[in-house]
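Read through the structure below, which is laid out as structure tokens, and then see the notes.
The values are calculated or read from the model by the stated rules, or taken from the named source; none is laboratory data. Just so it is clear, the model here is predicted, and its values are computed rather than measured. For neighbour counting, all protein chains shown are included, and Cβ atoms are generated from backbone atoms with ideal geometry for every residue, glycine included.
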């Protein structure tokens, strides 16, 4: 039984990172300003950190669009010989989730050295600043300490609302304004939580074949 109007068909949702879709707010303004200062950075490296899904990867893609930076993935950094030819003079590079255990400390240290030697630039993202990484390689710790580390804060109310509007548009969900307001008033103040909750809400709605109403949101939120 459907509550209200007939439910529309849903399609697979793919995360996009278009620069025009990046939502600027006080929580990310400092990091964005630093990236916009490229290529006039005082040092060749910069690190942006913040909680899961606060927008680090999207911001890295914004940087890529202006700098033509190359994303380096863990598989690219497994062998020193493999990634050496990738590092071109004057080129910008991005390592997303740089504290991942899939990236060896020796490889990351070698990457920093190569980029410095070849007068390139490096953007790193992570959930914590390097001082809190469980690093064993002292040389890498010293090298990363030279990079400015800028935090993306958890979103404010205006940004959370903008994220909600963007996400339900991507997911093709039609939410009544009262339902949107209820969600924003009762969820954890985290963009990651909001995104995961909207995905769960959509899944439960499709499974139950019910429209998303405030009572339905209450029920899913209690179980989430």
**Study point:** Checklist (1) free of Cβ contacts under 8 Å to residues at least 60 places away in the same chain; (2) within 21 Å of residue 18 (Cα to Cα) applied to residue 171, failing item
**Key:** (1)
Point to revise | Hits in region 24-50 (condition: modelled with pLDDT of 90 or more and out of contact with any strand residue (DSSP E or B) (no Cβ under 8 Å at 6 or more places or on another chain)) | key: 28, 29, 32, 33, 36, 37, 40, 42, 43
Check your understanding: Taking region 59-86 only, how many residues are modelled with pLDDT under 90 and either part of a strand (DSSP E or B) or surrounded by 20 or more Cβ atoms within 10 Å (Cβ to Cβ) (or both)?
Key -> 1
Exercise for review: State whether the residues of region 181-194 include one that is surrounded by 15 or more Cβ atoms within 10 Å (Cβ to Cβ), touching a strand residue (DSSP E or B) at 6+ places or on another chain (Cβ under 6 Å) and either at negative phi or not in a helix (DSSP H, G or I) (or both).
Suggested key: no
Exercise for review: Filter region 100-137 for residues that are closer than 22 Å to residue 34 by Cα and assigned to a loop (DSSP other than H, G, I, E, B) and give the result.
Suggested key: 118, 119, 120, 127, 128, 129
Exercise for review: Check 144, 194, 140 and return the single one that is over 14 Å from the mean Cα position of the chain (by Cα) and either free of Cβ contacts under 8 Å to residues at least 60 places away in the same chain or under 25 Å from residue 19 (Cβ atoms) (or both).
Suggested key: 140
